[in-house]
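All remarks here apply to the structure that follows.
The values are calculated or read from the model by the stated rules, or taken from the named source; none is laboratory data. Here the structure is a predicted model, which is why all the values come from computation and not from measurement. Heads up, the Cβs are rebuilt from the backbone with ideal geometry, glycines too, and the neighbour counts pull from every protein chain shown. Note: areas computed on protein heavy atoms with side chains; ligands, DNA, RNA excluded. Shrake-Rupley method; radii C 1.70, N 1.55, O 1.52, S 1.80 Å.
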Amino acid sequence: TAARKAQVVYGSPLLPLLLYLVIASCGYLTFGDNVTSNIINAYPVTPYVSAARTVLGIVVLCNYPLQMFPTRVSMLSIYELLVPPTDPEALRLSQPYFEYEHRESQAHRKGVGRGSLFLQSHREIGITVGVLFLTGFTAFSVTDLGAIVSLVGSTGATMIALIAPAAAHLLLTRSEPWDGVKYAAAGMLILGLLILPSKLFCE
């Protein structure tokens, strides 16, 4: 029902929010102003901390391919917008992803061969290799990503959590009268615009 769906939508972020608040509060209560960009580096080397590092490594290993796919699709879309493909095979592969998957699945059922499930063109291979090289080079050469994390946290996270949802709601309901939800969305938008430059100009 709609009521249950609303409970899931509004209630599902509460547990991660609670966990984040507890972990962040414990870190700041433990170290105060001496918190480094990577808080786990401030803890002594113990079996528990080593286990935490191992779990973080597993999380990164699992998240990397999940992030690679949308990154490759987005970069390929931008590249094909700037440099449209000309050969028939590239034109066939540049169609929308779900439309392409539907046609390929239909062809597969009819016994027609299909290519690789993930990398379908030389452009995709080039983008994947380029992203792997850049991220690998960064991982091996940079030891402290504190400034980058601050930048991403103050821009990307703020855009996703505050600015984009509020702006989308205001745009979609611009012809409707103002109510409590629209005022809340406007407040979220203003708050996001105030937080966005905080790490860029305030130290």
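Is it the case that GLY32 is part of a helix (DSSP H, G or I), out of contact with any Asp or Glu (no Cβ under 8 Å at 6 or more places or on another chain), at pLDDT below 80 and on the phi < 0 side of the Ramachandran plot?
Spelling it out, it is not the case that GLY32 is part of a helix (DSSP H, G or I), out of contact with any Asp or Glu (no Cβ under 8 Å at 6 or more places or on another chain), at pLDDT below 80 and on the phi < 0 side of the Ramachandran plot.
Across the stretch 49-82, which residue is most open to solvent (accessible area, probe 1.4 Å) among those that are out of contact with any helix residue (DSSP H, G or I) (no Cβ under 9 Å at 6 or more places or on another chain) and among the polar types (S, T, N, Q)?
GLN67
Does the stretch 151-180 hold any residues that are farther than 14 Å from LEU193 by Cα, touching a helix residue (DSSP H, G or I) at 6+ places or on another chain (Cβ under 8 Å) and open to solvent by less than 50 Å² (accessible area, probe 1.4 Å), and which are they?
Correct list: LEU170, THR173.
Looking at the structure I just gave you, is LEU193 in a helix (DSSP H, G or I), under 30 Å from MET68 (Cα atoms) and open to solvent by 80 Å² or more (accessible area, probe 1.4 Å)?
Spelling it out, LEU193 is indeed in a helix (DSSP H, G or I), under 30 Å from MET68 (Cα atoms) and open to solvent by 80 Å² or more (accessible area, probe 1.4 Å).
If you go through the stretch 32-52 one residue at a time, how many are more than 19 Å from ALA147 (Cβ to Cβ) and hydrophobic (A, V, I, L, M, F, W, C)?
4
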